[in-house]
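**Q** Attaching a single structure in structure tokens format; questions to follow.
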Amino acid sequence: MEKDGDGGEGLRHHAIRLPLAAMEGSGSEITSNGGPSVSLRQKASSLMASSAAAYRSKPASFWALLALSGGAMLTAFPAASLLSRLYYNGGGQSKWILSWSAVAGWPIPALLLLPCYLFSDASPTWPPSPWLCFWYALLGLLSAADNLMYAWAYAYLPASTASLVAASSLAFSAVFGRLIVGKKNRIGLSTLNAIVVITAGVVIIALDSGSDRYPGVTGRQYALGFALDVAGSALHGLIFALSELVFDKYLSNGSGDGAAATRFHVVLEQQAAVSLSAFAFTSAGLAATDGFAAMRREAAGFSAAGGGKAGYAMVMGWSAATFQLGVLGATGVVYLGSTVLAGVLNAVRVPLTSVAAVVWFHDPMSGFKILSLVITVWGFGSYMVGHSSAKKTSGGSPQ
């Protein structure tokens, strides 16, 4: 656990890992009958004890909130990706409308704040400082740009391909987390290995661009969607890192782990403010492009989810809800864990989205795409194993 400058333990940004360092070293000997030596059994026992100690070092509320946040990422984000593709398959054409639906659910975290204020000791962060308002506005602007980039990407790429390319967000999360936040997001050998492997998977997708192009999508449009998908992933990693920086500088009060349930309201506050800011920026762009009138035209001819206005409203409504819950989960992971942990979980959703897109949308799955999927899974899998088994430094930060 990271300590505050005054020596107190803080809820913020705990290094979450299983200390497997006890298994490293040269003491693994084999007896003459082929079984493990006493030394190896002792190390296994030490591993179990240290893992249990790591679990007991944080209260159940901490793990419950982390599990809920991670679960929201792994379910809501894939659903939002599939709904983005469904919007285009049903006849939707406006990138601004799709990006607007991603932030139209901003009242969700605001509504979740009410029980926090009414039934707990949580109090609003009010009035927010001018710098905090600046960061909320900046993060909202970056989120609006990120959503628009992904809207362009899903217009020209199959959902499975777009999700595979978006796995590059792990690399950007690691780099930006290290550069902006510092030692809490250290880049070790396991992180570098994951960056290289996942980047190789993205390159394979780029080399195989002709196998999964939708009819009517030109080579230039495919390349544009691919480039914007990578750019959106980079911006995603930057948003994670800046969010962690805001938590560090403005929303951490040095409270201990026992206050996890009450201090978690700052996640809802930040998400409500940032989403409202993004909603304002996106609404301005939508109005400037006559997008609100286009919604009525698209709804009349929509063919997915039962078709018509009802089907259109269903797709837009679920898009707003799932995307907001996914971002809220990611913000919670950043708050309780780190930028890199959020990047890892963001990459874990890749196989979920890819497989679901093949099943529901019959996305083409070429040999190169399968290879890219395997490489991507191997990349973040090796990161998790390497990160878990990294030796603790004197400060206890992961390698």
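**Q** Among Gly343, Gly307, Gly317, Gly332, which is the only one that is within 12 Å of the chain's Cα centre (by Cα) and farther than 27 Å from Val202 by Cα?
**A** Of Gly343, Gly307, Gly317, Gly332, the one residue that is within 12 Å of the chain's Cα centre (by Cα) and farther than 27 Å from Val202 by Cα is Gly332.
**Q** Let me ask something additional. Under 7 Å by Cβ, and 6 or more places apart or on different chains, what pairs join a residue from the range 179-201 that is over 25 Å from Leu336 (Cβ atoms) and open to solvent by less than 60 Å² (accessible area, probe 1.4 Å) with one that is assigned to a helix (DSSP H, G or I) and of a type in the set (Phe, Trp, Tyr)?
**A** Short answer, once both residue conditions are applied: Val197/Trp378.
**Q** So which of Ser209, Ser255, Ser233, Ser243 is closer than 26 Å to Val350 by Cβ, at pLDDT below 90, among the small types (Gly, Ala, Ser) and touching a helix residue (DSSP H, G or I) at 6+ places or on another chain (Cβ under 8 Å)?
**A** None of the others qualify; the one that does is Ser209.
**Q** Among the residues of the range 62-94, write down those that are touching a helix residue (DSSP H, G or I) at 6+ places or on another chain (Cβ under 9 Å), open to solvent by 40 Å² or more (accessible area, probe 1.4 Å) and part of a helix (DSSP H, G or I).
**A** Residues satisfying the conditions are Trp63, Ala64, Leu68, Leu74, Thr75, Leu86, Asn89.
**Q** Any residue in the range 294-316 that is under 23 Å from Leu235 (Cβ atoms) and either open to solvent by less than 20 Å² (accessible area, probe 1.4 Å) or β-branched (Val, Ile, Thr) (or both)?
**A** no
**Q** Of the numbered conditions (1) open to solvent by less than 50 Å² (accessible area, probe 1.4 Å); (2) not in a loop (DSSP other than H, G, I, E, B), Ala122 fails exactly one; give the number of that condition.
**A** (2)
**Q** Moving to a separate point now. Could you check how many residues of the range 95-119 are more than 29 Å from Val217 (Cα to Cα), of a type in the set (Phe, Trp, Tyr) and surrounded by 15 or more Cβ atoms within 10 Å (Cβ to Cβ)?
**A** Result for the range 95-119: 1.
**Q** Among the residues of the range 208-217, is any assigned to a helix (DSSP H, G or I) and at negative phi?
**A** Looking through the range 208-217, none of the residues is assigned to a helix (DSSP H, G or I) and at negative phi.
The values are calculated or read from the model by the stated rules, or taken from the named source; none is laboratory data. Remember, predicted model here, so these are calculated numbers, not experimental data. Heads up, the Cβs are rebuilt from the backbone with ideal geometry, glycines too, and the neighbour counts pull from every protein chain shown. Just so you know, the surface numbers come from the protein's heavy atoms only, side chains and all, with ligands and any DNA or RNA stripped out. Shrake-Rupley method; radii C 1.70, N 1.55, O 1.52, S 1.80 Å.
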